[in-house]
Amino acid sequence: MKIIEFSVQSRHRCELINITSRIEQIRCEKRLTDGIITLYTPHTTAAITINENADPDVPRDILYGLTRLVPDDPQFQHIEGNSDAHIKSSLVGISETLLVEAGKLQLGTWQGIFFCEFDGPRTRQIKVKLSEL
Ligand code: ZN
């Protein structure tokens, strides 16, 4: 199957955007019942992660923790001034692999899929590759 692309509009500099229903919609439209889905975001200041989807304080705390881990630092030399965002992107990672079996994404009860914006607001792209197995 060809790569499917969709865009996400972030509204803040740092933000986690839940994309679980969008991925499930693509899986359903393409009738993938058994296989894997690879998610990829072609950006250097964004990422994709899977984490708790129940308590909205968890995404907030993830952003807070990442900002404490990688604060803006006057020693950074990158001219764009967004080195913290580049580092967060590398720490979290720009792709995820999802398992699909019996017509269902094999996420845990509390898991959701999040696009991570670290240098917004911007329009971002997400690439989705479905592979039947
Ligand atoms: Zn930069």
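Values for this structure:
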quantity	calculated
Exposure rule at most 16 other beta-carbon atoms within 10 Å, DSSP loop chymotrypsin sites (Phe, Trp or Tyr not before Pro): the chain longest free segment	1-75
Calculated from backbone phi, Karplus (6.51, -1.76, 1.60) coupling profile of region 13-23 in Hz, x at Gly/Pro	4, 10, 6, 9, 10, 6, 10, 4, 5, 5, 5
Table column - 3J(HN,Hα) (Hz), region 36-44, Karplus curve with 6.51, -1.76, 1.60, x for Gly and Pro	10, 10, 9, 10, 8, 10, x, 10, 9
Long-range lysine pairs (8 or more apart or interchain), the chain, Cα under 17 Å	7
Amide N of region 22-62 lying under 15 Å from the label point, which is placed 7 angstrom from the Cα of L91 along Cα→Cβ	45-49, 59-62
Sparse-neighbourhood loop sites, GluC sites (Glu not before Pro) in region 28-92 - DSSP loop, at most 11 other Cβ within 10 angstrom	E80
Cα-based equivalent ellipsoid of the chain: semi-axis lengths in Å, sorted from largest, via gyration tensor	29, 16, 12
Hz values of 3J(HN,Hα) by residue in region 122-129 - Karplus curve (6.51, -1.76, 1.60), Gly and Pro given as x	8, 8, 10, 10, 10, 9, 10, 10
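Values quoted throughout were computed directly from the atomic coordinates according to the rules given, and no laboratory measurement underlies them. If you're wondering where the values come from, they're calculated on a predicted model, not measured in any experiment. Every residue, glycine as well, gets a Cβ built from its backbone with ideal geometry; the counts of neighbours run over all protein chains shown.
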